[in-house]
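One structure is given here, and the rest of the page talks about it.
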Amino acid sequence: MRAGSRAYVALREDILDWRLPPGTPLGEVEQALRLGVSRTPVREALARLAADGLVRGAGARGAVVTDLAPADVSDLFDLRIAVETRLARLAAERRDPGPFRTLVADLGAAVDLDLGGPEDRAAYYDLVQRLDDAIDAAAASRFLTQSLDGVRLHLRRLRRVARDHPARLLESVGEHRGVARAILDGDAELASSATLVHLRASLGHILHTYETAPPRPALTAPAPTASSAPSVDAPTA
């Protein structure tokens, strides 16, 4: 992998996992030192991150990690609701029951996970990713799935909000299981409705968290290292 691509992946993971939280300045010299590369790959990475909407002001004036305001979150969920409810409906109509039978069982067992602990939380996020992948595969709609790529990138940042609320994560276990169960049963209407219920609950939780305690930890930059390793606390809200 080219140095610019390595720097891009490392910085993107740090932003998505809140090791570089919103508002963090991203000086080329400091980031080059931290990542063990020259300034040119960092400059290239910052330009790509700006195109992703994860940083602003890339260039001579310096870059800063962008924030997601409540209005941004609502806009993301408007698109997510429109596309994901349609994907769930298509998945129920076109599914192979096998993967969803396994997912229903695994989500049923997930209620026993300690979602306040990093290992079990990471296991749950992996399970949610499996469900997303299974729905995308079953729906077999390339354009609908691609339309969510940018949305899902920013939604991963919002998992930092849910991460601090194990009770909300536990509620989402049941919601995800309801979606998987409806798809397994081939009930397109219920699959769409269950997806809508889950997404509205997630949006409500995130907006409430913004109102009561804005999800912005102290701006502490990582110590200089040769590379930036991803955290287990990565997640969909």
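Give me, ordered by chain and number, the residues 5 or more places off V55 or on other chains with an amide H under 5 Å from its own placed amide H.
A50, T66
Can you give the local net charge around A109? Use residues other than it whose beta-carbon is closer than 12 angstrom to its beta-carbon, Lys and Arg +1, Asp and Glu -1. Numbers along the way, then the final one.
Details: positive: R177; negative: D106, D112, D120.
Once all neighbours under 12 Å are counted, the net charge is -2.
What nm value, rounded to one decimal, do you get for the distance between L79 and S38 when each label is placed 7 Å out toward the C-beta?
It is 3.5 nm.
If the label point is 7 Å along Cα→Cβ of R2, which residues in the range 34-58 have backbone nitrogen under 12 Å from it?
Output list for this probe position: 41-42, 44-45, 48.
Read phi for every residue in the range 20-25 and hand back ³J(HN,Hα) as whole Hz from Karplus 6.51 cos²θ - 1.76 cosθ + 1.60, θ = phi - 60°, with x for Gly and Pro.
Running phi through 6.51 cos²θ - 1.76 cosθ + 1.60 with θ = phi - 60° gives 10, x, x, x, 5, x Hz.
FYI, it's all coordinate maths here, none of it is from the lab. In this text the structure is predicted, and so the values were computed from the model without any measurement. Reconstructed Cβ throughout: ideal geometry from the backbone, glycine too, with neighbour counts over all protein chains shown.
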